[in-house]
Structures are given as C-alpha cells and as structure tokens.
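A quick write-up on the structure given underneath.
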C-alpha cells in the first residue's frame, strides 16, 4: 500500500509533474521518429540527469522509456515504418487501417491498448516487486551467479537472428567490462599499459556510442528515404472510436497485457518479442483471423498492449537483483549509481520511498502520454514528417560527442563513444546483438563478484553451483533456454529450406 | 543455428577465433592471486574461450550473401573519419573551433548543400552547445592543447 502515499506526494509536487510531462512528450516524439529509440534518447539524456535530484532524474528517464514504446506505434501506423522494433507488429494492421483512411481510429486503439497494457504491467510490478525482493534477499552468491549465468544465456541466445552471434555479443560485453583494475585484487586486466584504460570503460560513453552514434551511422544508409505519411483522416465517422468497435479488442488486450508482463520479467527478451508473441497468439485465437494483416483493429490492440506491458515488469529484475531486464534498465543503472543508490534486494530496505515514488511517476506518466496520444498523435505524426532528417541526425551526431564528454569530463570517453558507435553499427550489420552486448557489459561486474564469492564459500570448487538446488535450477533454465532456441531456429531453417525447394 | 541468411559466417567465425585467442593469451598474463588461484583471471579467460568456441561454431555454418550495401560505405567511412578527427581537434584546438569545423562537414555528409545552412551551423552549433553544456550545466570545457578560442574570448 506504499503506492498511495507515493502517488499523493508526486501529485502535490508540480516540478516533478513537469518532468514527468516533459518525459511523456519527449518519449512520444523520439519513439515516433523512425530510427530513433527511447534507449537512444535515454542514453543521450542520461548525463544531464546527473545534475538532477534522484527521483526527478529516474522518473524522467523511466517515463521516456514508457512513452517511447508507445510513440513507436505512431510511426508504424502513419509512416509504415516502425518507430521502434517493438512496434513492428503494430505496423502489420496499423498501416492498412491508415491506407483505408482510419489512421486516427487505429491510433486511438493503439493508445487505449497501450495504456491498459502499461497499467497492467505497472500494477503487477508494484504488487509483486517487494515480494520478489524479499525472495532475492535469501539468495546467496552461488544462486546469484546462477541467475546471472541464466541471464547471459537468455539475453545472448533468445534475441536476434543468430544464437552464436548473440552469445558472442554477450561474451564481448563481458570482456569489455573486464578492462581496467580488478575490483578485488586491483590487478590490471586488458589495459595494455594505457593509463586511461585502468579506469575501465565508462557505461555512458559505451551506451551513447552503441545506441546513438551507431544509429547515426545506420541512418546514413537511409538518406533520401523520407517517410511518407498516410492521411491521418479528418472524417469523424471513419476516425471516431466507439465502444462497440473497441469491445472485440478487449479480450486481446487483456491476454496480451499478461503475455507482455510475463515476457517483461525475463531479462533481455523485451518489447519486440512480447508484441510478436501477442500478435501471433491473438491471431490464432481471433474469430476473424483472415482480417488480421488487412486492417483489423484487434491486430493493433494486441501488440500495443503487450509491448507496453513489458515496461513495468522489466524493472523487476533490475530493482530486486540488480539485473537489467532491458537496455533501458541497463541505462537506469547509471542513474542509480551516480546518485549513490545501491540496487538489488536491499533497495527496498534503503530506498523504499524513492522506489514507490518512481512507480507513482510511472502511473502518472502513463495517464499523461495516454491523454496526449489520444488527442494529439496525428499532430505528433505531422510534426515528425516535417523534421528534416538531414539536419536532425548531424545534430544528434554532434550532441553525442558533448554528452559523452559531459559524463566524466574526459576526452578518452569520447574516443570510447566513437569506437562503440562504429562497433554498434557493425554489430547490427553483421547480425550481432548490441543489446546483449550492453546488458552483459552491465551484468559482468556483479556476476564476477558473485562467482568469486561463491568459490570462497565452496569446499568443492565449482561443484557448489550444482550442489545448491536453486543455483542448479537457474543453470538448467539457462541451458534449457539455449537448447529450445537452437531447436526452434533449426526447425525454422528446415521449414524455410523446404519452402524454397 | 541461424534464422535466414546472415553475412559471411567464415569471416565472422575466423575473426571471433582470432579475437578469442588474443584475449586468451592476454588473460593468461593476468597474475594469479596471493593464494595462487586464478581469481582475476577466471572471467576474462571464460569470455575468451567462449569466443573461440562460438567462432568455431560459426565456421560450421553455410556461407550466405552479405547484406552490406557498398554504396553507403564511403559516407560511413567519411563519418567515421570525421568522428575521429573531431575528437582529436577538440584536444588540439578546443571545443569551439573544432565544433565550428565539424558541424558543416556532418551536415554536408548527410546531404545538406545550402551555403546559408552550412554557415549557420558553423556559428550556431558551437555557440549553442557551449551555452547549454559549459555555461548552464557548468561542465568544465575541454581546452585545446595548442590553441583555444576561449583564451581569446575571455576564458571559461
């Protein structure tokens, strides 16, 4: 019940509400710009939040993540280009609706479904997170390492097209995190005699490079491909949304919200997978499956509910175990660290009020982006179509340099950002997985600490991980996830080969 | 182990193996702890071995066509070169001059050709970034090793 006092305290703080409102607008606009993601916006704005109080800083970035997921649907429906990977499933039915002159109707369905999904996920997080944290407090180093191990495997193998390249991305993330001084023995690792490298690789320049500069490199290939906007429609009869029209969407929205919330809790899977799983499940259960893909309102509602339901639960592993469930979670770690807040199971003992106030900001942010989106999504679309991308991306390019410098006042970080940016672009081109790389980079320190503490506790070396049942369970979960993913990809490859034969 | 076609498995596999071997050799150079245990060496070594194993798995895949579009490579190389030169220029002549030079080049690479736009970027970008980050946020600006306009304009 901590959420009610938190809600009152947030609602009576106009400055904090201002930050939440700004975040709702920024996230929606950035999410709606094809090529830009909420992760990129958050990475770029992260150093600016170092100058803010902890709650406004966290709330600002958290709500950008939420409204950014929703904003992707605007581009998917109006431009036939998903603003984010998560809204690619929305495009399947959203754009055909726009072509029929029902863009505003589709965006209203996307908005309502996003709000319901996001609220479901946030409420599940609020109800369940303290319980998970209490359980997490009982985990010792062997169990914690096993959770990390499972997270590495799931993050590396489940996202992306290639299991080997996804896992290699995770391994690269671990190796890059090892650069610098060993935190226990102060031994130099991978420094090659460079003083700059003894401080390790900074999280902020790495993320700005991967998510922002890497995207600028990618956008060079899109020069001249300006998105075409479908008519958002002024016809009230075609673009108004009635209860009778939305009612068939509700079962899909409820089911998809729970699908999204469940997938959100699993580290690394993210909104895109939730949206496609929900779309597939919705189509399978639909009374009108033939209409899906040709402009069914349910085909917009299901993925939108799922991809927004991911947002809240994806914070659960971050807040309770210190394991980011998403790239946005990985970035938020930077905010917690810079403000001296130790994330993990003890967070609910040391900063309980802050966390519930953050959840309250999340709930208020959902209402704000919902209201703005319901009445203004078409306006946002028209604003974005007028943005000159040949000016926008050079500005983002220049901004990434000064922001990377700002994080620690160090030009070496800017070189790191440039290297990470090019690496991020190359990883996308070669089917590696930048998200797995960054999340593994963040996880590696905690995983190594848990591993070495476990070995100190052990009389039988590595056997401690198989003699403790909970640790063994998580190791098996990781192995099973890898096995099932490889099997599923092999089956798809076989089907593709048979299809083309 | 892949879905659909992915670029050049042999090249990627060989690169992973070579990087993995290099990282393994470097990891073996990390000193043991006081009790003679691997300690700080364990994780780097595990990551390196994983790369070698994954590289070997990658080699077993069938080759497929590259997805790279070579038409864009000159622009990407130009942007990368600009990025590296821009950071070096910041360290050499400070933030204002380097940004005044980099801004029109970045816009030009992205296709802006109007002299007015390029000229405006030369003046406005350094001024705007300096104002926001170094004046409003109070970050100490990177000063040039050889020359810095801030020395002439009255300093920071």
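Is there a residue being more than 9 Å from chain A (Cβ to nearest Cβ), touching a residue at least 40 places away in the same chain (Cβ under 8 Å), assigned to a helix (DSSP H, G or I) and under 25 Å from residue A:205 (Cβ atoms) anywhere in the stretch B:76-92? Yes: the stretch B:76-92 contains one or more residues that are more than 9 Å from chain A (Cβ to nearest Cβ), touching a residue at least 40 places away in the same chain (Cβ under 8 Å), assigned to a helix (DSSP H, G or I) and under 25 Å from residue A:205 (Cβ atoms). In this structure, residue A:203 qualifies as surrounded by fewer than 24 Cβ atoms within 10 Å (Cβ to Cβ), at negative phi and within 18 Å of the chain's Cα centre (by Cα). Counting only residues that are more than 25 Å from the chain's Cα centre (by Cα) and more than 8 Å from chain B (Cβ to nearest Cβ), how many does the stretch A:409-440 have? Number of matching residues: 2. Being within 14 Å of another protein chain (Cβ to nearest Cβ), surrounded by 18 or more Cβ atoms within 10 Å (Cβ to Cβ) and either without any contact (Cβ under 8 Å) to a residue 40 or more places away in the chain or outside any helix (DSSP H, G or I) (or both) holds for only one residue in A:443, A:462, A:489, A:455, and it is A:455.
With the structure loaded, tell me whether residue A:328 is assigned to a loop (DSSP other than H, G, I, E, B), buried (at least 24 other Cβ atoms within 10 Å of the Cβ) and either touching a residue at least 12 places away in the same chain (Cβ under 8 Å) or within 12 Å of the chain's Cα centre (by Cα) (or both) or whether it fails that test. No: the conditions fail for residue A:328. Among the helices (runs of 4 or more DSSP H) confined wholly to the stretch A:110-209, which include 3 or more residues that are within 11 Å of another protein chain (Cβ to nearest Cβ) and under 20 Å from residue B:47 (Cβ atoms)? Filter on the stretch A:110-209 gives A:141-158, A:163-177. Taking the stretch A:431-440 as the range and being outside any helix (DSSP H, G or I) and either closer than 30 Å to residue B:39 by Cβ or modelled with pLDDT of 90 or more (or both) as the test, the residues that pass are A:432, A:433. Within the stretch B:106-120, the residues that satisfy the criterion of being more than 24 Å from residue A:409 (Cα to Cα) and at the interface with chain A (Cβ under 9 Å from one of its Cβ atoms) are B:107, B:108, B:109, B:110, B:111, B:112, B:117. Every test in (1) closer than 28 Å to residue A:155 by Cβ; (2) at pLDDT below 90; (3) more than 11 Å from chain B (Cβ to nearest Cβ) is passed by residue A:375 save one, and that test is (1).
The values are calculated or read from the model by the stated rules, or taken from the named source; none is laboratory data. No experiment lies behind these values; they were computed from the predicted model shown. Glycine gets a Cβ as well: all are built from the backbone with ideal geometry, and neighbour counts include every protein chain shown.
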